[in-house]
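Note sheet for the following structure.
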Amino acid sequence: MPWLRVACYQKEQDMENHTLTIAAIIALLILAVAGTGEQPGVLTPSEPVLGEDSSQSAPPPTPPAPAPDVPQVSPEDRLLLARLIRAEAEGEPFEGQVAVGATVLNRVKSPSYPDTIPGVIYQIDSGYWQYQVVQNGSINLPPTPTSLAAADQALRGDDPSWGAIGFYNPAKTNNPWVRSRPVTRVIGNHVFFR
């Protein structure tokens, strides 16, 4: 069956051609990247490759430095902050959601409030919950991807509230105390205050 031998030979030739083509592309990519010389993390021909010498090991990763004055939080506190952001600011602009998270962190840093995220969120002062969403139970809704991203941005130190310790929606409250506070910003439907 000569036709079968020709077909098998042709398949072998095709595989060799593809292998050579792939090898050529990889070689060109390596040369192009190595030729730049200034790319961090890219091996140049003069650098040893990990694994070639068994005495070498990868250096330990360096954790990113925390932003100044940003409390280090547990995964549970991160989720709690994200749940509060969802309950208080879902539907608000992303910047406003980050600002809501920042007000919680500003309270954590203030000597006038509890020094933990749960302490701030679940605080009862003069018989009132600090956040209505705790009282009505919407704090228990799971966080959304957006509220998690807003919590993470606030935890990294972003504060679009400009140092506010609270916020309110003027259409939903006529509390004279919050309305008497100095306003730092208005974002979406929320007024942020000190």
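Taken over segment 167-180, the criterion of being under 15 Å from Glu92 (Cβ atoms) and touching a Ser or Thr at 6+ places or on another chain (Cβ under 9 Å) is satisfied by Phe167 alone. Just checking, does segment 98-111 include any residue being touching a helix residue (DSSP H, G or I) at 6+ places or on another chain (Cβ under 9 Å), modelled with pLDDT of 95 or more, more than 17 Å from Phe192 (Cβ to Cβ) and among the hydrophobic types (A, V, I, L, M, F, W, C)? No; the residues of segment 98-111 include none that is touching a helix residue (DSSP H, G or I) at 6+ places or on another chain (Cβ under 9 Å), modelled with pLDDT of 95 or more, more than 17 Å from Phe192 (Cβ to Cβ) and among the hydrophobic types (A, V, I, L, M, F, W, C).
Can you tell me how many residues within segment 157-181 are of a type outside the set (A, V, I, L, M, F, W, C) and either out of contact with any strand residue (DSSP E or B) (no Cβ under 8 Å at 6 or more places or on another chain) or not in a loop (DSSP other than H, G, I, E, B) (or both)? So the answer is 11.
Scanning segment 182-194 for residues that are among the charged types (D, E, K, R) and either free of Cβ contacts under 8 Å to residues at least 40 places away in the same chain or assigned to a loop (DSSP other than H, G, I, E, B) (or both) returns a single hit, Arg194. The residue that is nearest to the chain's Cα centre (by Cα), counting only those in segment 113-130 that are at pLDDT below 95 and within 18 Å of Ala87 (Cα to Cα), is Gln130. Total residues in segment 144-194 satisfying the condition of being within 17 Å of Tyr131 (Cβ to Cβ), surrounded by 14 or more Cβ atoms within 10 Å (Cβ to Cβ) and among the β-branched types (Val, Ile, Thr): the figure is 3.
The values are calculated or read from the model by the stated rules, or taken from the named source; none is laboratory data. Just so we're clear, the structure is a prediction, and the values are computed from it rather than from any experiment. When we count neighbours, we look across all protein chains shown, and the Cβ atoms used for this are built from the backbone with ideal geometry, even at glycine.
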